[in-house]
Amino acid sequence: MEERLQKLLSAAGVCSRRAAETYLTAGRVTVNGETAQLGQRADPDRDEILVDGRPLAPRGEPVYILLNKPRGYVTTLADERGRRTVAELVADCGQRVYPVGRLDLDSEGLLLLTNDGDWAQHLLHPRHEVEKTYHVSVFGPVAGAAARLAAVTDLEGEPIRPARVEVLRQTAKTAVLAVTIHEGKNRQVRRMCAQCGLTVKRLRRVREGALELGDLPSGKWRYLTKNEAASLRTEG
């Protein structure tokens with residue numbers, strides 16, 4: 001059956017649908033010897049689909065992974081600057097999986113990876129608004145910081161929905177806050193903190209939807225249960 005190439009690449013675990021668009025515009029995909037175009041459809045049972053000259057692998061069993069990402073790893077499958085990647089941490093899972101969303105180099109905590117493109121697309125689509133909670137250690141003017149963060153509705157002209165903010169611990173100059181957001185804009189929590197005059201010392205994602213990081217050690221991963229994967233699919 002013919003399907004869009006973006007979906008086929010995602011289903012085969014090559015990359016996300018969004019990244020597949022980049023592959024196509026860069027001319028990295030061919031169908032029956034011809035350079036593929038964005039939006040083109042193909043039938044993997046009939047057509048020869050190559051990515052960087054290699055045949056598109058048949059889709060394996062769906063894999064859903066929860067990784068406790070440490071600091072110092074980039075959320076990508078490969079890095080042109082030679083930095084350590086999250087792909088190295090899950091290399092023993094037996095499948096080619098890719099990250100669902102991002103955590104920046106200095107952030108840590110709950111990161112999902114999968115080879116199921118439809119599942120990933122659901123979690124990433126803005127309309128589903130899967131909540132994410134971060135534990136954020138900050139210093140600076142922490143008095144009233146929770147209320148100030150919860151009042152942020154604009155980031156450099158970009159509107160955002162108000163966050164829920166709870167104070168977990170606080171001293172005169174430092175605090176640990178639980179910040180729950182919906183959209184997940186680029187570096188959203190760090191930008192919110194900077195806007196409120198707070199310096200982030202540590203940022204750790206501890207929850208996504210109903211899924212919690214729990215006591216999984218840093219740098220380790222585990223498979224999601226069928227119920228956990230299904231519950232995230234129904235979020236939003």
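Other residues lying with their Cβ under 9 Å from the Cβ of ASP104 contribute a combined charge of +2, Lys and Arg counting +1, Asp and Glu -1. The SER218 and LEU38 beta-carbon pair, evaluated with R₀ = 41 Å, returns a calculated FRET efficiency of approximately 0.60.
The local environment of LEU50, defined by Cβ-Cβ distances under 13 Å, has a net charge of -2 under the rule Lys, Arg +1 and Asp, Glu -1. Using a probe radius of 1.4 angstrom, the carbon and sulfur fraction of the accessible surface of region 142-227 is 50%. Counting Lys and Arg as +1 and Asp and Glu as -1 over every other residue whose Cβ lies under 13 Å from the Cβ of ALA87, the net charge comes to +1. If you count Lys pairs in the chain whose Cα atoms are under 28 Å apart, skipping same-chain pairs closer than 8 places in sequence, the total is 20.
Taking every alpha-carbon pair in region 9-135 and binning the separations at 10 Å intervals from zero gives 12, 39, 34, 13, 2 percent. Net charge dipole, region 30-162: roughly 420 debye, given to the nearest 20, about the Cα centre with Cβ charges of +1 for Lys and Arg and -1 for Asp and Glu.
When +1 charges are put on Lys and Arg Cβ atoms and -1 charges on Asp and Glu Cβ atoms, the dipole computed for the chain relative to its Cα centre reaches about 1040 debye.
A value for percent of Cα pairs over 27 Å apart was derived from the coordinates, and within the list (1) 36; (2) 41; (3) 27 it appears as (2).
The values are calculated or read from the model by the stated rules, or taken from the named source; none is laboratory data. Keep in mind it's a predicted model, so treat the numbers as computed, not measured. A quick note on method: Cβ atoms are made from the backbone with ideal geometry, for glycine too, and the neighbour counts reach across all protein chains shown. Just so you know, the surface numbers come from the protein's heavy atoms only, side chains and all, with ligands and any DNA or RNA stripped out. Shrake-Rupley method; radii C 1.70, N 1.55, O 1.52, S 1.80 Å.
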